[in-house]
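Single-structure report; data block below.
The values are calculated or read from the model by the stated rules, or taken from the named source; none is laboratory data. Because the structure is predicted, anything quoted here is derived from the model rather than measured. Every residue, glycine among them, receives a Cβ derived from its backbone with ideal geometry; neighbour counts consider all protein chains shown. These accessible areas exclude ligands, DNA and RNA; they are computed on the full protein's heavy atoms, side chains included. Shrake-Rupley method; radii C 1.70, N 1.55, O 1.52, S 1.80 Å.
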Amino acid sequence: MANMSEYSELVIVGSGPAGLTCAIYTARSGLSPVLLVGQAPGGQLINTDTIENYPGFKSIPGYELMMNMLSQAEELGTQFIYQSLERIERGEGNRFRLSLSSAEQIVARTVVIATGATHRRLNVPGEEEFSNKGVSWCATCDGPMYRGKTVAVVGGGNTAVMEAIFLTNFAEHVFLIHRRDSLRAEKYLQDKLFSNDKIEVVWNSEIVQISGNERLNSVLLRSVIDNSERALALLGLFVAVGTTPSSGFVSDLVETDGDGYIIARDTKTSCAGVFAAGDIVSGSLKQAVFAAGQGALVSKYVEEYLGAR
Ligand SMILES: Cc1cc2nc3c(=O)[nH]c(=O)nc-3n(C[C@H](O)[C@H](O)[C@H](O)COP(=O)(O)OP(=O)(O)OC[C@H]3O[C@@H](n4cnc5c(N)ncnc54)[C@H](O)[C@@H]3O)c2cc1C
């Protein structure tokens, strides 16, 4: 663990694929990065059963992939601090003062924000129990498991509609469950959705219960019009009701979009010396390989900024 009063050339915030890849690259360049791990060492993938689209691994448990990245970064000399960043301010001489959850501070010359995002949940009974057992937040990751099956997407925005259309590449039938009588998604996406025979929209309905045995096999829907309830048999449920970026501590310092994601061009934010990589970046693909790629890219710009390249 780093000495808290220490000055560091580079502090990386977040221990998901983006932060850890940045640590691996910058440590190999001799920069001695300090990495704030946050509450979830390894990020979003740590609790994911199997990753089947990370190049080089046909299938690997999320825990194993992230532990490999953590130990690789550590062996190369990354200093891990098991705390969260609470606040970041401009200090003197183009430096930044980082306040940690322990109230201790670190001064840094460059900061890489790789704090990711969290998927919003439905908060209904059964969601936790069947998470990764039929309930998913990522069609790109889990869609191919549902070849020839019936699945549903819940949500009404662009992501929900895109996920529903994407899932028709595999599933026999796709329900799109939405609590209103119209979608928020852009018109061209709606046109594609409504012209797809495999998709059936279930309007004015909320999911109130997720059920199954070993795996999910049905959801209970309640009409928002008359409160009537009915069960819908399906094997996969994709929740697409939005994501929340972990960027509250930095929004005063860098430009963010309307949803709080950091606007960064080639990982460079509006504040020189502060970089962003991975899911926290506005418009990110929200995939591990993309986050890792950004972790590699950001290392190049940090090294250039510090004059190490
Ligand atoms: C259930 C699920 C399944 C998925 N499956 C796949 C898949 O199969 N394939 C795929 O490519 N992608 C998948 N994804 C998406 C993938 O997990 C993300 O794209 C990827 O993890 C993003 O990496 P990241 O490093 O940007 O952020 P994250 O993985 O979100 O890591 C962010 C890190 O920042 C830390 N942090 C947050 N706030 C602070 C703070 N204030 N101070 C310090 N640290 C902080 C967190 O603790 C965490 O360690 C899945 C996502 C989920 C939720």
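Give me the residue from region 284-308 that is more than 13 Å from the ligand (Cβ to nearest atom) and of a type outside the set (Asp, Glu) and, out of that set, surrounded by the fewest Cβ atoms within 10 Å (Cβ to Cβ).
Filtering region 284-308 down to residues more than 13 Å from the ligand (Cβ to nearest atom) leaves 299-308.
Pick out the ones that are also of a type outside the set (Asp, Glu) and you get 299-302, 305-308.
On the way: 299: 29, 300: 16, 301: 18, 302: 29, 305: 17, 306: 16, 307: 6, 308: 14.
Out of the qualifying residues, it is 307.
Kindly list, by first and then second residue, each pair from a residue in region 68-82 that is farther than 12 Å from residue 34 by Cβ to a residue that is open to solvent by 70 Å² or more (accessible area, probe 1.4 Å), limited to pairs with Cβ atoms under 7 Å and residues at least 6 apart or on different chains.
As it stands, the answer is 76/28, since those pairs meet every condition given.
If residue 89 satisfies all but one of (1) in contact with a helix residue (DSSP H, G or I) (Cβ under 8 Å, 6 or more places away or on another chain); (2) of a type outside the set (Val, Ile, Thr); (3) modelled with pLDDT under 95, what's the number of the condition it fails?
Evaluating residue 89 over (1) in contact with a helix residue (DSSP H, G or I) (Cβ under 8 Å, 6 or more places away or on another chain); (2) of a type outside the set (Val, Ile, Thr); (3) modelled with pLDDT under 95 leaves (1) as the failure.
State whether the residues of region 260-278 include one that is surrounded by 14 or more Cβ atoms within 10 Å (Cβ to Cβ) and part of a helix (DSSP H, G or I).
Yes; the residues of region 260-278 include at least one that is surrounded by 14 or more Cβ atoms within 10 Å (Cβ to Cβ) and part of a helix (DSSP H, G or I).
Here are some residues: 35, 45. Which one is modelled with pLDDT under 95 and either closer than 24 Å to residue 289 by Cα or outside any strand (DSSP E or B) (or both)?
Numbers: 35 fails: modelled with pLDDT under 95.
Criteria check complete, one pass: 45.
Would you call residue 279 among the charged types (D, E, K, R) and within 12 Å of the ligand (Cβ to nearest atom)?
Values: among the charged types (D, E, K, R): yes; within 12 Å of the ligand (Cβ to nearest atom): yes.
In short, yes.
Of the residues 233, 272, only one is over 20 Å from residue 117 (Cβ atoms), assigned by TED's automatic domain parsing to the domain that holds residue 207, of a type in the set (A, V, I, L, M, F, W, C) and modelled with pLDDT of 95 or more; which? Break it down into steps so the answer makes sense when it comes.
Numbers: 272 fails: assigned by TED's automatic domain parsing to the domain that holds residue 207.
Of the residues listed, the single one that is over 20 Å from residue 117 (Cβ atoms), assigned by TED's automatic domain parsing to the domain that holds residue 207, of a type in the set (A, V, I, L, M, F, W, C) and modelled with pLDDT of 95 or more is 233.
For residues that are within 15 Å of the ligand (Cβ to nearest atom) and open to solvent by less than 30 Å² (accessible area, probe 1.4 Å), tally how many sit in region 213-241.
6
Would a scan of region 201-209 turn up a residue that is open to solvent by 30 Å² or more (accessible area, probe 1.4 Å) and over 30 Å from residue 153 (Cα atoms)?
No, that holds for no residue.
Among 78, 159, 110, which is the only one that is within 29 Å of residue 59 (Cβ to Cβ) and either assigned by TED's automatic domain parsing to the domain that holds residue 22 or among the aliphatic types (A, V, I, L, M) (or both)? I'd like the intermediate steps shown before the answer.
Working: 159 fails: either assigned by TED's automatic domain parsing to the domain that holds residue 22 or among the aliphatic types (A, V, I, L, M) (or both); 110 fails: within 29 Å of residue 59 (Cβ to Cβ).
Unique residue meeting the criteria: 78.
For residue 263, work out the one condition from (1) under 18 Å from residue 14 (Cα atoms); (2) in contact with a Phe, Trp or Tyr (Cβ under 9 Å, 6 or more places away or on another chain); (3) away from the ligand (no atom under 14 Å from the Cβ) it doesn't fulfil.
(2)
Going by the conditions given, is residue 174 touching a helix residue (DSSP H, G or I) at 6+ places or on another chain (Cβ under 7 Å), closer than 21 Å to residue 48 by Cα, of a type outside the set (Phe, Trp, Tyr) and surrounded by 15 or more Cβ atoms within 10 Å (Cβ to Cβ)? Talk me through it step by step, then tell me what you get.
Values: touching a helix residue (DSSP H, G or I) at 6+ places or on another chain (Cβ under 7 Å): yes; closer than 21 Å to residue 48 by Cα: no; of a type outside the set (Phe, Trp, Tyr): yes; surrounded by 15 or more Cβ atoms within 10 Å (Cβ to Cβ): yes.
When the stated conditions are applied, residue 174 does not pass them.
Can you tell me which condition residue 246 does not meet? The list is (1) closer than 30 Å to residue 298 by Cβ; (2) of a type in the set (Gly, Ala, Ser); (3) over 24 Å from the mean Cα position of the chain (by Cα), and all the others hold.
(3)
Open to solvent by less than 30 Å² (accessible area, probe 1.4 Å), near the ligand (Cβ under 8 Å from one of its atoms) and in the same structural domain as residue 275 (by TED's automatic domain parsing): which single residue out of 27, 18, 73 fits that description? Lay out the reasoning, then the answer.
Details: 27 fails: near the ligand (Cβ under 8 Å from one of its atoms); 73 fails: near the ligand (Cβ under 8 Å from one of its atoms).
Being open to solvent by less than 30 Å² (accessible area, probe 1.4 Å), near the ligand (Cβ under 8 Å from one of its atoms) and in the same structural domain as residue 275 (by TED's automatic domain parsing) holds for just one of 27, 18, 73, which is 18.
Can you tell me which residue is nearest to the ligand (Cβ to nearest atom) among those in region 42-63 that are under 22 Å from residue 12 (Cβ atoms) and open to solvent by 50 Å² or more (accessible area, probe 1.4 Å)?
The extreme case among them is 44.
Find all pairs meeting these conditions: Cβ atoms under 8 angstrom apart; at least six residues apart or on different chains; first residue within region 43-64 and free of Cβ contacts under 8 Å to residues at least 12 places away in the same chain; second residue open to solvent by less than 70 Å² (accessible area, probe 1.4 Å) and near the ligand (Cβ under 10 Å from one of its atoms).
57/51; 57/65; 59/50; 59/51; 60/50; 60/51; 60/54
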